[in-house]
Every structure is written in structure tokens, then in C-alpha cells.
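One structure is given here, and the rest of the page talks about it.
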Amino acid sequence: MRRWARRAAVALGILLLPVVLLGAPVAYVETLCHGDAAPAPRRPLSSETRPAVRTLLTYPEWHIVHAYDDYARVIRDHDPHAYDFLPAVAGYWRGLCTLRRESAALGEIDGATRTLVHVIGVSFTFEMLMKAAYEETAGRAVARLRGPDRAPLDALSAAQAADYATFLQQVPWYRYDFRADAAALREASEGGLRDRERALALGLEHRARAAYAGLIARGVAATGQDDTTLQMVVADLPAETLEAPEGVRVLRTLPEGIEVETPRYRALTHILRDWAEAGATFVDMAGNDRILFTALSDGADVPGALATFPRQGHGDTRALLLVPVRDLAERLRGLDAAGLRLEHVHDY
């Protein structure tokens, strides 16, 4: 009986180990990453408002987008085992911890958002650890047997990774056609060892992603998709300039400026950059007066950044910057002088 009890305890420990490892960063963020600032009162001007804290909590999803972009850049010229999977995972949880502390000054994080950032964080962690475990062992061994010359599917998988990273800039990941990528790998294989290994390993990965994406898509359909537009008040530009970009609508004129409705996500970053260069002042965004944006620097230190992350394959650094909405346009206009390049403005 003791022998069976010991075996059962060992088996249980083995089963629980992944749960503990994946749950540890969630427990760390929930217990140790708290701020003590109090939100300041605000007077919204936009007709449709959003919680201010969402500008911070949109970054974790984008950290994953950036990680896929880094991965695509690395494997463009190198094998997948050259990518540092663990720093990408650690960066997600380090960034989330920092943003969780900063969120105290912007408001309470609702339960749905907290659940979301933890679920996608655990999923990202699991995926990166599984890829690391394979690419550092079997993948590396087959690459060594292949020799220094890249196989056809090395190039194709790198191109697919780049396409996927670009897709994520504006479209939710679960809409990507993973099965088409798996089929393309199978059809393009020239029969060499590396091609057969890439078609099998990446094909399994793509099909697993496709199955998981189907579950997520059904869940989103049942709960409703997030709004793809945003309302804001902009001053110092005429209405005809504001409504020139595709997807922008002028809603009304206020004493403080003109209220407009804009697209969100990547398209918004380009719109805000162009308006800033044209002389705009951003007065209110979805009822909020603080906004997060990321900028790229060739140096490792960026004054005033909440956090910085080295970008793999790019040789530069990403900085997270939280600024008043009214200062955003001026900060964007001054990026060149500060040695920075705009990457993404995180809306709500």
C-alpha cells in the first residue's frame, strides 16, 4: 500500500507540475503587483467612454503580437532555436506586473479583463515553452543534420511567420487560416529530411492552433466582439482634415474641439501620427486623459519609460510611455528629436 501511495503521489506531482508552473506567474501578478495611487476625477467629453485602465491592459496582447514579429525576424535568417523563447515569456509577465501597478492611478481592472490577460498569458507561455522544448531538441538536431544551407520549408515557414505577425497588427489571431499554412507546407515540401520534419512539426502546430482558434471564435461569437471604433475630441484641425482618413466620421463640434469617430488598433496609430504632424491637439479620447504608447529606441535606456524590452532580431528597444492625452500630439511630434520612433498607440 505504501508503494502504491508513493507511486500515486509521484504521478499526481507530475500531473500538477505544469499547472503549478503555468499558474505561478498569475499568482505572482495577482498577489505582488499592486499600486497604491488613487484615480483622479475626470470630466469626459466624448459621447462614448471606455475605462481608462484599458490603455494599459491592451499592451499584454500586443506584447504577444510583438513576440511573433520578433520570432519572424529571427527565423528569416536563422533557425527557430536561435530565438530566445524564455525572455519573450518573462517579458510578458514583467510587463503585466508593471502595468498592473500603474493601473491603480487609472481605475479598477474589471474581472473580465483580468481574466483575459491571464488566460492569454498562460496560453502564450504554454505555446512558447512547447516550441522551445521542440526546437531546442528535435528541431535543432534535424537542422544540424540538414547542414548550413536552408531547406525550402525553412524559407516558407519564415515567410508564413512574417505574414502571421503582420496579420495580427489589425485582425484577431483566431481569424487566421492556420490550415492553409499547414497545407502550403505539405505541398511545398521537396522531400528532404528538414522539409519532412518542418511539414510534420509545423503542420501539427498549425492544426492545433486552428482547433483552438475555432473554440475561441465560437466563444467570441457568443459573447460579442469588441467595438472596432473609438470616439475622441480633437482640436486645432479643421473638420475636412479630420474626416479625410478612411473610416473617420465627424460627429459634432464642441467648444473644446471636434468630436470624431475613428477606427481602432493599428489604423488608429497611423491616423494619430498624421494628425499630430498636421498640428492637432488631442483633448479627450473615449473620456480619458491618459494614454499609453510604445516607441522604439536604438539605445537601451529611455527616460520616463514605464518599462523597456529588447527586440529580438531588430537590435533595438521597445519603450512603454504613459502620457496625458493633451500631451500626446506634442510627444509624437518630438519623437525624432528624442531619438525615438513611434510603434503603436494603445487605445482603450
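The values are calculated or read from the model by the stated rules, or taken from the named source; none is laboratory data. Because the structure is predicted, anything quoted here is derived from the model rather than measured. We place every Cβ from the backbone using ideal geometry, glycine too, and count neighbours over all the protein chains shown.
Please work out if L86 is touching a Phe, Trp or Tyr at 6+ places or on another chain (Cβ under 7 Å), farther than 30 Å from E256 by Cα and aliphatic (A, V, I, L, M).
In short, no.
Can you tell me which residues in region 33-70 are hydroxyl-bearing (S, T, Y) and part of a loop (DSSP other than H, G, I, E, B)? Don't jump to the end; show me each part of the working.
Taking region 33-70 and keeping what is hydroxyl-bearing (S, T, Y), we get 46-47, 49, 55, 58-59, 68.
Across region 33-70, the qualifying residues are S46, S47, T49, T58.
Residues checked against (1) more than 30 Å from A143 (Cα to Cα); (2) without any contact (Cβ under 8 Å) to a residue 12 or more places away in the chain; (3) among the aromatic types (F, W, Y); (4) out of contact with any Ser or Thr (no Cβ under 7 Å at 6 or more places or on another chain):
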site: A183; (1), (2), (3), (4): no, yes, no, yes
site: L200; (1), (2), (3), (4): no, yes, no, yes
site: R264; (1), (2), (3), (4): yes, no, no, no
site: D274; (1), (2), (3), (4): yes, no, no, yes
site: A278; (1), (2), (3), (4): yes, no, no, no
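Out of (1) over 19 Å from D227 (Cα atoms); (2) charged (D, E, K, R); (3) in contact (Cβ under 8 Å) with a residue 24 or more places away in the chain, what's the single condition that is false for D284?
(1)
Go through R198, R264, R273, R252 for me and flag whichever is over 30 Å from V323 (Cβ atoms) and either among the charged types (D, E, K, R) or touching a Pro at 6+ places or on another chain (Cβ under 9 Å) (or both). Even if it seems obvious, please write down each step before you answer.
Values: R264 fails: over 30 Å from V323 (Cβ atoms); R273 fails: over 30 Å from V323 (Cβ atoms); R252 fails: over 30 Å from V323 (Cβ atoms).
Criteria check complete, one pass: R198.
State whether the residues of region 235-252 include one that is within 23 Å of the chain's Cα centre (by Cα), within 16 Å of L328 (Cβ to Cβ) and in contact (Cβ under 8 Å) with a residue 40 or more places away in the chain.
no
Would you call D336 free of Cβ contacts under 8 Å to residues at least 24 places away in the same chain, farther than 21 Å from W93 by Cα, of a type outside the set (S, T, Y) and in a helix (DSSP H, G or I)? Can you show your working first?
Working: free of Cβ contacts under 8 Å to residues at least 24 places away in the same chain: yes; farther than 21 Å from W93 by Cα: yes; of a type outside the set (S, T, Y): yes; in a helix (DSSP H, G or I): no.
Against the criterion (free of Cβ contacts under 8 Å to residues at least 24 places away in the same chain, farther than 21 Å from W93 by Cα, of a type outside the set (S, T, Y) and in a helix (DSSP H, G or I)), D336 does not qualify.
Please go through region 78-108 and pick out each residue that is part of a loop (DSSP other than H, G, I, E, B) and either at pLDDT 95 or above or surrounded by 19 or more Cβ atoms within 10 Å (Cβ to Cβ) (or both).
Of everything in region 78-108, those that are part of a loop (DSSP other than H, G, I, E, B) and either at pLDDT 95 or above or surrounded by 19 or more Cβ atoms within 10 Å (Cβ to Cβ) (or both) turn out to be H78, D79, Y83, D84, L106.
Only one of (1) more than 30 Å from Y28 (Cβ to Cβ); (2) under 18 Å from the mean Cα position of the chain (by Cα); (3) among the hydroxyl-bearing types (S, T, Y) is not met by Y164, so which one is it?
With (1) more than 30 Å from Y28 (Cβ to Cβ); (2) under 18 Å from the mean Cα position of the chain (by Cα); (3) among the hydroxyl-bearing types (S, T, Y) applied to Y164, the lone miss is (1).
Among the numbered criteria (1) in contact (Cβ under 8 Å) with a residue 24 or more places away in the chain; (2) on the phi > 0 side of the Ramachandran plot, which single criterion is violated by D298?
In the conditions (1) in contact (Cβ under 8 Å) with a residue 24 or more places away in the chain; (2) on the phi > 0 side of the Ramachandran plot, D298 misses (2) alone.
Have a look at L242, L230, L200 and point out the one that is farther than 30 Å from R50 by Cα and either basic (K, R) or surrounded by 12 or more Cβ atoms within 10 Å (Cβ to Cβ) (or both). Don't jump to the end; show me each part of the working.
On the way: L242 fails: farther than 30 Å from R50 by Cα; L230 fails: farther than 30 Å from R50 by Cα.
Answer to the selection: L200.
Can you name the residue in region 162-183 that is closer than 30 Å to P263 by Cβ and of a type in the set (G, A, S) and, of all such residues, is surrounded by the fewest Cβ atoms within 10 Å (Cβ to Cβ)? Step through it out loud before you land on a result.
Within region 162-183, the first condition is being closer than 30 Å to P263 by Cβ, and the residues that meet it are 162-181.
So of that shortlist, the ones also of a type in the set (G, A, S) come out as 162, 165, 180.
Working: A162: 17, A165: 18, A180: 12.
Per the criteria, the residue is A180.
Return a yes/no flag: does region 135-143 have any residue that is over 19 Å from the mean Cα position of the chain (by Cα), crowded, with 17+ Cβ neighbours inside 10 Å and within 23 Å of H63 (Cα to Cα). So that I can check it myself, show each step before the final result.
Filtering region 135-143 for residues over 19 Å from the mean Cα position of the chain (by Cα) gives 135-143.
Next, from what is left, pick out any that are crowded, with 17+ Cβ neighbours inside 10 Å: 135, 139, 142-143.
Right, trim to within 23 Å of H63 (Cα to Cα) and you get 135.
Looking for residues that are over 19 Å from the mean Cα position of the chain (by Cα), crowded, with 17+ Cβ neighbours inside 10 Å and within 23 Å of H63 (Cα to Cα), one finds at least one in region 135-143, hence yes.
Can you tell me which residue within region 8-43, out of those that are among the charged types (D, E, K, R) and out of contact with any helix residue (DSSP H, G or I) (no Cβ under 9 Å at 6 or more places or on another chain), is modelled with the highest pLDDT? Working first, answer last.
Just the residues of region 8-43 that are among the charged types (D, E, K, R), to begin with: 30, 36, 42-43.
Pick out the ones that are also out of contact with any helix residue (DSSP H, G or I) (no Cβ under 9 Å at 6 or more places or on another chain) and you get 42-43.
Values: R42: 84, R43: 89.
So the residue we want is R43.
Which of (1) assigned to a loop (DSSP other than H, G, I, E, B); (2) touching a helix residue (DSSP H, G or I) at 6+ places or on another chain (Cβ under 8 Å) is the odd one out, the single condition L156 does not satisfy?
(1)
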